[in-house]
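> I'd like to ask some things about the structure below.
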Amino acid sequence: MGAIDSGRQLATERGRPDLDQHLGEARKRLSAQPVEVVILGAFKNGKSSLVNALLQREICPVDADLVTAVPTSVRYADKPSLKSYTLTDDGERVEERELPLGSLPQLVTERADPADQRRQRYAEVGVPHRMLRSGMVLVDTPGVGGLDSAHGFLALGALRRAQGVCFVTTAAQELTGAELDFLRTAVGRCSRVAVVVTKVDLYPEADKIADLTRGHLEDAGLGKLPVIKVSSLLRMEAKRDPGLNEESGFAELVEFLARDVVAACREGAAQSAAAEVDFVAAQLEQQTTAERAIIEAPELGSKVVAELEVVQQQARRLAAKSATWQQTLGDGIQDLFSDVQHDLQQRFREVLRHAEEVIDAGDPKETWEETQVWLSREVAKVALANRDLLEDRARQLTESVAADFDLPTGTGFTLRLGAADHVALVPASPLVAPGGRLSSLLIAARSSYYLPMMAGSVVAGFMGLQGVEHLAITGVAALLGTGIGQKIFKDERTRQRTFRQQQAKASLRKYIEDVSFVLNKQSQDELRSTQRQLRDEFQDRAVLLARSATAASESARRVSELGPAARREHHRELARQRDQLGQLRQTVADVARDAA
């Protein structure tokens with residue numbers, strides 16, 4: 001912060017309000033950057049209780065019969081607040097609503113109506129707590145469906161923007177295979193992960209369970225992850241009896257969050273801001289170096305001015321719309337959208353093929369609910385993988401544009417991408433044949449019994465048969481009717497099943513089409529946002545470079561016209577500025593060394 005302020009003061013003294021503003025924006029980002037800590041784990045493992053215990057306040061709803069169904073973030077605010085974010089009816093934008101804090105349970109638990117199209121995407125709670133003042137944000141994730149569910153995969157998608165993860169398990173049992181698989185993926189997305197074993201006060205074998213968990217982590221190649229045993233109940237009681245704080249185990253968890261997450265993220269943010277300081281220092285140094293060169297060797301004045309004019313022309317070409325980096329950006333966005341769209345279609349085609357095989361193998365009337373659960377999970381996996389492709393390729397594009405831009409120093413530019421949504425599945429109720437099953441049975445009964453019996457009676461009457469012979473004819477007709485009836489019943493069941501299979505496939509294709517439409521729209525929006533971010537960021541830097549070259553050239557001409565006394569005075573001022581710039585660049589070097 002001190003280096004940024006010094007750089008702004010130097011920029012003002014040198015008549016560069018544009019560089020002052022540039023560092024002002026860097027200062028805002030450095031002071032306001034949130035540090036997101038995502039709380040993950042299977043449902044009923046105590047994630048919401050952990051958030052409450054960390055802050056020693058009843059914030060997230062906790063109940064034996066309720067499960068969190070909507071992501072909830074808890075961040076610092078001067079006074080308690082609750083905001084709900086929902087999609088508008090047209091699905092084009094997110095609507096923010098201020099609500100009473102007491103309505104949180106109705107917003108984020110399973111009490112919320114899943115059929116409600118305006119169901120919130122997430123809720124945000126503001127709390128005036130000292131632990132959150134540093135910028136830390138606690139994110140309580142949904143536990144519905146478990147880790148191997150659509151919610152679980154969507155939670156994994158959020159980890160790309162997380163700075164820390166608390167993976168919550170309980171002292172009731174050691175880590176399961178599903179939890180280990182989930183952890184491997186989580187660590188690949190966020191390196192700052194701690195395994196938190198909760199409810200240690202309820203299970204006497206908690207220490208043994210924790211040791212077994214450490215062993216499983218070692219076997220899985222995750223031995224570096226800290227395993228922290230905590231009791232949320234004791235932590236909440238410690239508010240009244242501080243002596244229970246140490247017994248609760250939360251001191252170790254708080255230390256992990258403060259040191260390994262918040263402090264580490266602040267170092268990364270400082271490194272990014274230091275790169276901006278170095279960029280501005282280089283611009284100011286260009287002008288100072290040119291002036292000193294002319295003062296120390298007046299005979300080289302014309303040469304220095306000529307070299308600065310060349311630099312000025314290069315900067316102007318960099319700011320032109322025909323610049324190489326502009327073409328790289330435009331072509332890259334087009335190629336990226338084409339690849340992302342093709343990847344999505346290919347993945348959905350495979351899901352559709354597999355789902356149709358499942359539908360053909362059974363009766364959707366009996367399997368549709370399970371099929372919906374499976375399909376939700378597969379669609380979430382597809383959305384996650386496709387999103388990963390978009391984000392990875394977008395960052396590669398950022399590096400390519402930066403390389404073509406050929407900045408003289410590193411930049412603190414960070415690509416900002418939003419979050420993905422999902423679409424609710426259609427209910428199973430439409431999978432019923434028109435007319436209902438009772439109507440089909442009546443038709444089958446009438447066809448199989450009445451018609452043969454009537455035909456038998458007509459034949460017996462025509463032949464003049466009576467008594468036993470008439471009964472024999474009628475019995476044959478009844479047997480014939482039974483066979484025909486069984487055949488009709490079997491055909492009717494097959495027809496009903498075939499109809500349900502066709503309807504299930506139609507619902508499946510419609511669902512995939514709807515999801516694909518939404519994800520394609522999101523990809524387009526994100527890529528347009530990416531293009532605007534890169535264009536504006538690098539265009540602004542090109543303008544700064546052009547202004548720096550122009551200012552250096554004009555200053556060099558002015559200095560070349562100064563008299564001897566004015567030159568000596570100006571040389572002393574340049575020496576002072578050189579020392580200040582040297583201190584700025586030394587700060588940048590120190591930050592880079594500390595980060596390494």
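> Looking only at region 179-198, count how many residues are within 19 Å of G46 (Cα to Cα), in contact with a Leu (Cβ under 9 Å, 6 or more places away or on another chain) and either part of a loop (DSSP other than H, G, I, E, B) or without any contact (Cβ under 8 Å) to a residue 40 or more places away in the chain (or both).
2
> Residues being over 16 Å from I228 (Cβ atoms) and in contact with a Lys or Arg (Cβ under 6 Å, 6 or more places away or on another chain): count how many of those fall in region 173-215.
Number of matching residues: 1.
> May I ask you to say which residue of R377, R387, R395, R347 is under 30 Å from Q283 (Cα atoms) and in contact (Cβ under 8 Å) with a residue 12 or more places away in the chain?
R395
> Please state which one of D514, D590 is surrounded by fewer than 15 Cβ atoms within 10 Å (Cβ to Cβ) and within 31 Å of the chain's Cα centre (by Cα).
Details: D590 fails: within 31 Å of the chain's Cα centre (by Cα).
Criteria check complete, one pass: D514.
> Only residues that are among the hydrophobic types (A, V, I, L, M, F, W, C) and more than 17 Å from the chain's Cα centre (by Cα): list them for region 168-192, please. Steps first, answer last, please.
First, the residues of region 168-192 that are among the hydrophobic types (A, V, I, L, M, F, W, C): 168, 171-172, 175, 178, 180, 182-183, 186-187, 190.
Hits for region 168-192 are V168, A171, A172, L175, A178, L180.
> Is it fair to say V187 is of a type outside the set (F, W, Y) and under 24 Å from L55 (Cα atoms)?
Working: of a type outside the set (F, W, Y): yes; under 24 Å from L55 (Cα atoms): no.
In short, no.
> Still on this model: Could you check how many residues of region 152-189 are touching a strand residue (DSSP E or B) at 6+ places or on another chain (Cβ under 7 Å) and more than 21 Å from A206 (Cβ to Cβ)? Let's see the steps before the verdict.
Of the residues in region 152-189, the ones touching a strand residue (DSSP E or B) at 6+ places or on another chain (Cβ under 7 Å) are 155, 158-159, 161-171, 175, 179, 183, 186-187.
Restricting the remaining residues to those that are more than 21 Å from A206 (Cβ to Cβ) gives 155, 158-159, 161-165, 186-187.
Total satisfying the criteria: 10.
> Before we move on, is A546 in contact with a Gly (Cβ under 9 Å, 6 or more places away or on another chain) and either more than 23 Å from A273 (Cβ to Cβ) or of a type outside the set (A, V, I, L, M, F, W, C) (or both)?
Details: in contact with a Gly (Cβ under 9 Å, 6 or more places away or on another chain): no; either more than 23 Å from A273 (Cβ to Cβ) or of a type outside the set (A, V, I, L, M, F, W, C) (or both): yes.
In short, no.
> Within region 126-141, which residues are of a type outside the set (S, T, Y) and either part of a loop (DSSP other than H, G, I, E, B) or not assigned by TED's automatic domain parsing to the domain that holds V165 (or both)?
Hits for region 126-141 are P128, H129, R133, G135.
> Moving to a separate point now. Across region 127-158, what is the number of residues that are over 15 Å from V51 (Cα atoms) and modelled with pLDDT under 80?
Of the residues in that region, 15 qualify.
Here's the yes/no breakdown for (1) aliphatic (A, V, I, L, M); (2) free of Cβ contacts under 8 Å to residues at least 40 places away in the same chain; (3) assigned to a helix (DSSP H, G or I):
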{"site": "Q496", "(1), (2), (3)": "no, no, yes"}
{"site": "Q503", "(1), (2), (3)": "no, no, yes"}
{"site": "F517", "(1), (2), (3)": "no, yes, yes"}
{"site": "L574", "(1), (2), (3)": "yes, no, yes"}
{"site": "A589", "(1), (2), (3)": "yes, yes, yes"}
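> Ok, one more. Using beta carbons and a limit of 8 Å, which pairs, at least six apart or on different chains, have the first residue in region 212-234 and in contact (Cβ under 8 Å) with a residue 24 or more places away in the chain and the second one of a type in the set (V, I, T) and in a loop (DSSP other than H, G, I, E, B)?
Listed pairs, sorted by first residue: K229/V200; V230/V200; S231/V200.
> Taking region 325-369 as the region of interest, how many residues are β-branched (V, I, T) and either under 30 Å from L527 (Cα atoms) or loosely packed, with under 12 Cβ neighbours inside 10 Å (or both)?
Step one: list which residues in region 325-369 are β-branched (V, I, T), which gives 328, 333, 340, 351, 358-359, 367.
Narrowing further to those that are either under 30 Å from L527 (Cα atoms) or loosely packed, with under 12 Cβ neighbours inside 10 Å (or both): 328, 333, 340, 351.
Counting residues in region 325-369 that are β-branched (V, I, T) and either under 30 Å from L527 (Cα atoms) or loosely packed, with under 12 Cβ neighbours inside 10 Å (or both) gives 4.
> Where in region 218-316 are there helices (runs of 4 or more DSSP H), lying fully within it, with 2 or more residues that are touching a helix residue (DSSP H, G or I) at 6+ places or on another chain (Cβ under 6 Å) and hydrophobic (A, V, I, L, M, F, W, C)? Before you say what the answer is, go through the steps one by one.
Working: elements: 232-237, 244-248, 250-255, 264-296.
In region 218-316, the matching helices (runs of 4 or more DSSP H) lie at 232-237, 264-296.
> Something else now. For region 283-311, enumerate the residues that are of a type in the set (A, V, I, L, M) and touching a Leu at 6+ places or on another chain (Cβ under 9 Å). Explain how you work it out, then say what you get.
First pass over region 283-311, keeping only residues of a type in the set (A, V, I, L, M): 284, 290, 293-295, 297, 300, 304-306, 308, 310-311.
If the condition is that a residue be of a type in the set (A, V, I, L, M) and touching a Leu at 6+ places or on another chain (Cβ under 9 Å), then L284, A290, A293, I294, I295, V311 are the ones that fit.
> From the list E276, E291, which residue is more than 23 Å from S523 (Cβ to Cβ), at pLDDT 85 or above and buried (at least 20 other Cβ atoms within 10 Å of the Cβ)? Break it down into steps so the answer makes sense when it comes.
Working: E291 fails: at pLDDT 85 or above.
E276 is the lone residue from the list that is more than 23 Å from S523 (Cβ to Cβ), at pLDDT 85 or above and buried (at least 20 other Cβ atoms within 10 Å of the Cβ).
The values are calculated or read from the model by the stated rules, or taken from the named source; none is laboratory data. Keep in mind it's a predicted model, so treat the numbers as computed, not measured. When we count neighbours, we look across all protein chains shown, and the Cβ atoms used for this are built from the backbone with ideal geometry, even at glycine.
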